[in-house]
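Since every read-out is calculated from the coordinates, none of them should be taken as a lab result. What you are looking at is a predicted structure, and each value in this text was computed from that prediction instead of being measured. Here Cβ is always computed from backbone atoms with ideal geometry, including for glycine, and neighbour counts include all displayed protein chains.
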Amino acid sequence: MAVRREGTLVQHSHLLFSLERFLAVQPYYPCCILAHPDLRQLHEAAAIIRAHYDWPVLSLGAVLSEALRDVVPHQRAQTTHAVLCAALSPVAPGPLLCGEIDLLFEPSLQLDPLRLLREVSRSATIIVLWPGTILAGTLAYAVPAHHHYRTWRSTDLMAECVVSL
C-alpha cells in the first residue's frame, strides 16, 4: 500500500517489512539506516513509523547542539559519543527513531558519523533517517555537490540494517 501526499510516495509495505526484518535479525549493531535523498520522503517515512509503532523520536541535531554549545571546540568530538549514549539510555532498549543527523557531519567535529551511530546503537536500538542514497552497496550522505557529502563502501552493518526508501 502506498500513500501519495504533495507529490511524494512512500511505500508502507516496503518500509514496514524492512523494519520488521531489521528487528527480527537482532544485529550486533542495532542501527537501521533508512536512506533517501529527499527530506520530504524521510519525513513521510517518520510519520508512517510513528503512526504504526509509536516509537519515540530524537532529533540528534537538537540534542547535540544543546549539549555541545558550552564545550570547547577541541573536546566536542570526544563529548559527542557520551552525549548520544546519555540521550539513548532513557529509552533503552529502544527502538528510537533518530532524525536531523546533519550536525554529525560538521567537519569541525571530525567524526565518522556512521561509526558513531553504530557504536551508540549498542545502548539502544535506533532507526536513523539518513538523507542520502544507497547505490551499488555504497552508502552516501547528501549529494555530491553538498559540502558535507560523504560515502562509505562498507557500512559494517547487516544487509537488513541498510534500507533504501
On full extension of the chain, what length is gained from Tyr28 through Val57, given 0.36 nm per residue of separation minus the C-alpha to C-alpha distance? 8.2 nm
Note, His148: beta-carbon cut-off 12 Å, +1 each Lys/Arg, -1 each Asp/Glu, net -1
HN-Hα J couplings of the stretch 156-165 from phi, Karplus 6.51/-1.76/1.60, θ = phi - 60°, integer Hz, Gly and Pro as x? 6, 10, 5, 4, 5, 8, 10, 10, 8, 8
In sequence order, calculated HN-Hα J values of the stretch 117-131 (Karplus, 6.51, -1.76, 1.60; Hz; x Gly/Pro): 5, 4, 5, 6, 5, 5, 7, 7, 4, 10, 10, 9, 7, 10, x
If you wrap the stretch 2-164's Cα atoms in a convex hull and average its projection over all directions, what's the area in nm²? 9.5
Choose one answer from Pro131, Pro113, Pro30: the residue with the largest mean-square fluctuation in a GNM of the chain with alpha-carbon springs under 10 Å. Pro113
Given the Cα-Cα distance of Cys85 and His14 and 0.36 nm per residue of separation, how much length would full extension add, in nm? 22.6 nm
When the chain is modelled as a GNM with alpha-carbon springs shorter than 10 Å, which of Leu135, Leu117, Leu42 fluctuates the most? Leu135
Have a look at Thr133, Thr125, Thr79 and tell me which one the Gaussian network model of the chain (Cα, springs below 10 Å) gives the largest fluctuation. Thr79
